[in-house]
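I have placed the structure first, in the form of structure tokens, so that the comments after it can refer back to it.
The values are calculated or read from the model by the stated rules, or taken from the named source; none is laboratory data. In this text, all values refer to a predicted model and were calculated from it rather than measured experimentally. FYI the Cβ positions are ideal-geometry reconstructions off the backbone, even for glycines, and counts take in every protein chain you see. We work out accessible area using only protein heavy atoms, side chains counted, and drop any ligands, DNA or RNA first. Shrake-Rupley method; radii C 1.70, N 1.55, O 1.52, S 1.80 Å.
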Amino acid sequence: MKILITGANGMLAKEVKEKFSEGNELILTDVAELDITNEKAVLDFVTKIKPDYIINCAAFTAVDKAEECYELADKINGNGPTNLAKAAKANGTKLVHISTDYVFGGDLEISKDYKEDDEKNPVTVYGITKLHGEQGIENNMEEYYIFRTAWLYGVGGNNFVKTMIKLGTSRDEINVVSDQHGSPTYAKDLTEIIYKAIEKEIPYGVYHATNQGYTTWYEFTQEILKEQNIECKVNPVTTEEYIEMMKITQAKRPFNSQLSKNKLIEQGIEVPDWKDGLTRYLKEENNQ
């Protein structure tokens, strides 16, 4: 297969490149090679190379910064996927797009998790623009996969796991938010889900794709330090307390980022537990 990967320098794209490299022709682009916000440039590029699949890993993911950069965030997260969808449709290309739990309001009671068709009610610029991108795809083509993920981390660059290890080894105690719930997701596991979905040719549409099981940032931190044998006291704090202590302004964080994977599992896609993903990530990171 010929596969176009956008946002090629990002953490997820690097995993996608590694997983799909064998037996496929990969075309890797970042903004310098292809500006996905330019509709004509996208159409011309896709028409020229005619890929079988586009895997869109390009995104404006700085949640707090997006609050001050609506126009730019919407160009990348909203117009970009729309342009890719139009070009894909015109060339008989299939599209894979990565979206987020932020398309939901995040205020669902914690005893429940979000299903793919639940009401969308984004409360941040990031969520609003990512929903725009989803809608742009859905309104312009039929042969697509949208994978919503959350709490993503992986090898390369900074991430929550690395930050907690650094803090845990340099401080006697740390404060971590305990009232936000979700699924830590290893980028390699998300990539495997994407790979299997394409390989199995599961029905097109929207799927939730995080690791299995739910936790909080506080419990996630405890598990990270335990795995690394780091002695450090972890104090649970509310989001409100954390903002007050850190004297920060930030976009609203979802209290419930729990995404049901039942639809994906029903298609025979294996979804590893988040603790298993963390163990494998730490082993890979420690071997770097």
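Structure above, values below:
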item	result
Scan of the range 1-52 for residues that are aromatic (Phe, Trp, Tyr) and over 18 Å from GLY136 (Cβ atoms), ordered by number	PHE20
Any pair with Cβ under 9 angstrom, 6 or more apart, that starts in the range 177-200 at a residue that is touching a residue at least 40 places away in the same chain (Cβ under 8 Å) and farther than 15 Å from PRO272 by Cα and ends at one that is in a strand (DSSP E or B) and open to solvent by 40 Å² or more (accessible area, probe 1.4 Å)	VAL177/PRO236; SER178/PRO236; ASP179/PRO236; ILE198/LYS94
Tally, over the range 1-18, of residues that are of a type in the set (D, E, K, R) and open to solvent by 70 Å² or more (accessible area, probe 1.4 Å)	3
Qualifying positions in the range 253-274 - crowded, with 17+ Cβ neighbours inside 10 Å and not polar (S, T, N, Q)	ARG253, PRO254, PHE255, LEU259, LYS261, LYS263, LEU264, ILE269, VAL271, PRO272, TRP274
Number of the exception - ILE98 against (1) open to solvent by 10 Å² or more (accessible area, probe 1.4 Å); (2) more than 20 Å from THR191 (Cβ to Cβ); (3) in contact with a strand residue (DSSP E or B) (Cβ under 7 Å, 6 or more places away or on another chain)	(2)
Residue match in the range 75-95 (condition: open to solvent by less than 50 Å² (accessible area, probe 1.4 Å) and under 15 Å from ALA251 (Cβ atoms))	yes
Unmet requirement for ILE243, which otherwise passes all of (1) hydrophobic (A, V, I, L, M, F, W, C); (2) open to solvent by less than 10 Å² (accessible area, probe 1.4 Å); (3) not in a strand (DSSP E or B)	(2)
Every residue from the range 162-186 that is crowded, with 18+ Cβ neighbours inside 10 Å, within 28 Å of GLN288 (Cβ to Cβ) and of a type in the set (S, T, N, Q)	SER183, THR185
First in the range 72-98 and under 14 Å from GLY7 (Cα atoms) and in a helix (DSSP H, G or I), second anywhere and of a type in the set (Ser, Thr, Tyr) and open to solvent by less than 40 Å² (accessible area, probe 1.4 Å), Cβ under 6 Å, 6 or more apart	ASN77/THR129
When residues of the range 187-206 are limited to those that are open to solvent by 20 Å² or more (accessible area, probe 1.4 Å) and not in a loop (DSSP other than H, G, I, E, B), the one nearest to TYR281 (Cα to Cα)	LYS188
Qualifying residue in the range 103-119 (condition: touching a Phe, Trp or Tyr at 6+ places or on another chain (Cβ under 7 Å), in a strand (DSSP E or B) and more than 18 Å from ALA251 (Cα to Cα))	yes
Hits in the range 224-261 - residues which are in contact (Cβ under 8 Å) with a residue 60 or more places away in the chain and under 15 Å from THR163 (Cβ atoms)	ILE224, LEU225, GLN228, ILE230, CYS232, VAL234, TYR242
